[in-house]
Amino acid sequence: MASLTVDLTLAGIAVGGAAALTGIGLVVTYRATGVLNLAHGAIATVTAYALRELAVVHGWPLWLAAATCLGAIAPGLGLLLDRAVFRPLAARDAGPAETLVATLGVFVTLVGAAYLLWGGGARADAPSLVPWGPVAQSVAALSTVAVVGGAVAAVTRWTPYGVRLRAVVDDRRLATLAGIDADRVAAAGWAFGAFTAGLVGVLLAPFLRLDPYGLSLLVMETMAVAVAAGMRSLPAVVAVALAIGVGQSQLTRFHPQGWAEPLLQAVGANLFVVALLVAVVAGPQIGASVTSGLVPVRGVTSRGSYRAYRSWAACAVLFLLPLGFSGTDLSTSVQVPAMAVILLSIVVVSGYGGQISLGQAGYAGLGALFTGLLAAGRFPGVPRLPGLAALLVAVLLVAPLGLLTGGPAIRRRGLALALATFAVGTAVSRFVLAQPYATSGLGAGLPRPAGFSDDRAYYVLELLLLGCVLAAVATMRRGRLGRSLTAMGEHEPGAAAAGVRVPTLKIFTFVVGAALAGLGGGMLGLGVQAFDPGTFDPLYGLLWFAAVVVFGTDSALGALIAAALLVGLDSGTGEGVATAVIGVLAILLGRLPGGLAGLRTRFTAAPAVRVSLSPAGERVRARIAARRTGADRPVPARHSVSLPRDGRLGAVKGTARHGPAVRLTARHLTYAYGGNTAVDDVDIVVPPGRVTALIGPNGAGKSTLFHCLCGTLRPGGGQVLLGGRDVTRLSAHARSRLGLARTFQQLAVFPGLTIAENIHVGAEQGRRPDVSAATDRTLRLLGLDQVRDEPAAGLPTGLLRRAELGRAIAAGPRVLLLDEPAAGLDEAEVAALGTVLRALAADGMALLLVEHDLELVGGIADFGYAMAGGRLLAAGPPAAVLTDPRVQRAYAEALP
Ligand SMILES: Nc1ncnc2c1ncn2[C@@H]1O[C@H](COP(=O)(O)OP(=O)(O)OP(=O)(O)O)[C@@H](O)[C@H]1O
């Protein structure tokens, strides 16, 4: 017994050691570059194959092959990735979403390349650098971890590189300004990270299957240890890795009775997946807290244009083409509509809702599994159902499971959400799809619906279902739902401030996404008449996501083309080609803002002879031009876009619609960031019919107080009252529905919507009966009626500030909080803004103005508060506050 315990512990240490190496490599790369390298596992796989190629195929001595692989190939690959992929992204300040897609692209490319070069079968002859036996392996693993971890600690602590690394980690821009070559630091980080990946690959390959997908995925799962350690602490990485490794092997000792045994075995075998799930769902947020749309690539939104109709017609011909083939064997073609429905599920979640989902393969697999079980009469408590009914019931069963990823999405964003959805997809695959108790007997003979048993008839049925899905997806794009989704995807806090019920909408998109993926999976299962868990491997979740992003995340047409490409390439040229092609395209995307959709417009939007278009056509052209340049777009000279100084202020009348005037009150409000108290026992009152100003030097705590008032931060102490109602614990969107509106310091407009649509979003969330009239009135009031149909993307800042203000006031708020509304406006615009704000106050609205423009404050405020160091310094008439010696001293002290 004791020897069993020791043996299992040693085996666990060997696995934990490999996971620790993965974690160390990931953390170092992340700290040096800000990139969580999802391709780590693929680099491990390629290095392991390279070692086998040199030592086994070409007969090199093992030490020479290992030195070449670990000393040259793996770090060289890291350097290549740095130069070719990630440095260009860093140079143009690409967002976390683009970087994530690039790492996925690298992952998919390397896996596809490994597949093409070395085939898909598992290799049992990977050479081992470590003698067999648990003692030797665990000693080797521990000593490697000690050497690598110790070297990293020594380098970061005691060498000039370490100092530079720490400076870059703290503040990359500042470090660069101080003369540090951040690119070299990043290159070293990539080389080291790839070296550790290679080390893990060559250590693990002999003991596991060496196949392109399996090893890559396995190493990816072990990134749980880095995530659990908050991507920071190396000792924590090692401790978590060893604990999971040992726990995993010790679990193999337990053999409970009945259903618990396979479950326990599955938990044991997949403990890293469980740990990843727990770490991303319950652990700290990793990565930047991204506040804008996560998925950068949007297709051309010239919906309704001639070119769009032409593309759709071409696509329809492509999908109808197989029906013209002679014979009845369409066994490959039947996979295309099913795949298209699965990819459309990603379009809904990521393109429309702006949420990253890497786990759609899990839902597709569940759809196929449930369809099979229902059709075979093996679903517990449900009688055997005919094929079509089985498919539809399966969709209904899968839909609520969308909560599995929708739930984490409420609190998680960016990288954390990507990992959470990946972990959910992997867990579904491992705990359900791959379990014999769920799937036995479904390998073959899944019956198609009666009357659709031959390929041709079934293909027609699939086209009908695809048509229904396209119609449903198109309705999601329109009207209030479409605007709310776009707003949420492009600026989540902005959408919440406008009153969009962000958590509900997120759940909704994930539920619809799960239903569609389930439908596509079921169609695929019926199409190939078998349930194969391998078809829904978690890796496909990554590949399908990359494919959708490459063809324009919000483009339904792109999803159809991607589906045809994925199925067609693999069946026509051999498996692995589609993977490699999609991977390369995803990498290229980083070099081509706008994605393939952007590429399309590049060639088609600039005809040699410029034909003059109708006004609508010109708008599309302008929109395309903006996408190509990404620059601020000049506003057409013929438009009058200045703010009205007085003439149109009649439009203000009745702007506030949320009922009687109220005051906003903060009592003893306190907020601390860790140990730093940014707001300290502050009392303020914002009465109706007045402009109240809040001033103070940089770092005074104004923004933090502002966030506590509007609900984006939850104060640590004190109360916020709206009228008599305590709203301290209400979310931002709930406060907005009670009549509290806000603008943002950093512009919060929705670039994918027109100026009028931006304002419409605010008006319709305010539940006004007169949404269109309120939108028109607001456009007039702010002098925006001439640019109402211009897309917001790329318009000048002054106009966008007004559009944001318009969105806030169109909701008919009773209290309006403005965070530096004059930033980016010229003198005339500031003066006109002041006139509008005074008119709003005269109409009964309560306004709070956080502003650095003291002239504006002195000119329009009725009452002023001054803060410094988190506390109120002075309160009273603006002139008195501005000249208060304590306030002047605080400003003087804050000067550099
Ligand atoms: N996200 C954060 N994490 C940690 N500390 C923060 C954070 N945001 C602000 N702080 C700190 O809280 C204090 C108050 O910052 P705050 O941004 O509220 O001041 P402010 O008056 O709005 O400044 P500014 O006019 O420059 O926007 C500062 O010391 C700042 O460094």
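A few notes on this one:
- Filtered residues of segment 701-728 (kept if more than 27 Å from the chain's Cα centre (by Cα) and away from the ligand (no atom under 15 Å from the Cβ)): G717, G718, Q719, V720, L721, L722, G723, G724, R725, D726, V727, T728
- Condition met for R166 (among the basic types (K, R) and under 30 Å from the mean Cα position of the chain (by Cα)): yes
- Residue in segment 826-848 that is within 16 Å of the ligand (Cβ to nearest atom) and either among the aliphatic types (A, V, I, L, M) or surrounded by 21 or more Cβ atoms within 10 Å (Cβ to Cβ) (or both) present: yes
- Helices (runs of 4 or more DSSP H) wholly inside segment 701-792 containing at least 1 residues that are surrounded by fewer than 24 Cβ atoms within 10 Å (Cβ to Cβ) and among the basic types (K, R): 732-737, 771-781
- For segment 866-895, a residue qualifies if it is part of a strand (DSSP E or B), of a type outside the set (A, V, I, L, M) and away from the ligand (no atom under 12 Å from the Cβ), and exactly one does: G876.
- Listed by position, the helices (runs of 4 or more DSSP H) contained in segment 39-150 that have at least 1 residues being aromatic (F, W, Y) and over 30 Å from the mean Cα position of the chain (by Cα) are 40-52, 62-68, 96-118.
- Qualifying residue in segment 232-239 (condition: surrounded by fewer than 20 Cβ atoms within 10 Å (Cβ to Cβ) and not in a helix (DSSP H, G or I)): yes
- Applying the criterion of being within 16 Å of the ligand (Cβ to nearest atom) and among the hydrophobic types (A, V, I, L, M, F, W, C) to the residues of segment 660-678, the residue that is farthest from A700 (Cα to Cα) is A666.
- Residue check: Y49 meets all listed conditions (1) free of Cβ contacts under 8 Å to residues at least 40 places away in the same chain; (2) farther than 26 Å from A239 by Cβ but one, namely (1).
- Selection count where residues are part of a loop (DSSP other than H, G, I, E, B), under 16 Å from L817 (Cβ atoms) and near the ligand (Cβ under 9 Å from one of its atoms), scope segment 679-700: 1
- Residues of segment 348-363 that turn out to be modelled with pLDDT of 90 or more and in a loop (DSSP other than H, G, I, E, B), as a count: 2
Okay, residues lined up against (1) at pLDDT below 85; (2) acidic (D, E); (3) closer than 30 Å to C708 by Cβ:
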site	(1), (2), (3)
G794	yes, no, no
A810	no, no, yes
E820	no, yes, yes
A823	yes, no, yes
E829	yes, yes, yes
M845	no, no, yes
G859	yes, no, yes
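The values are calculated or read from the model by the stated rules, or taken from the named source; none is laboratory data. Computed from a prediction, not measured in an experiment: that's the story for all the values here. Glycine gets a Cβ as well: all are built from the backbone with ideal geometry, and neighbour counts include every protein chain shown.
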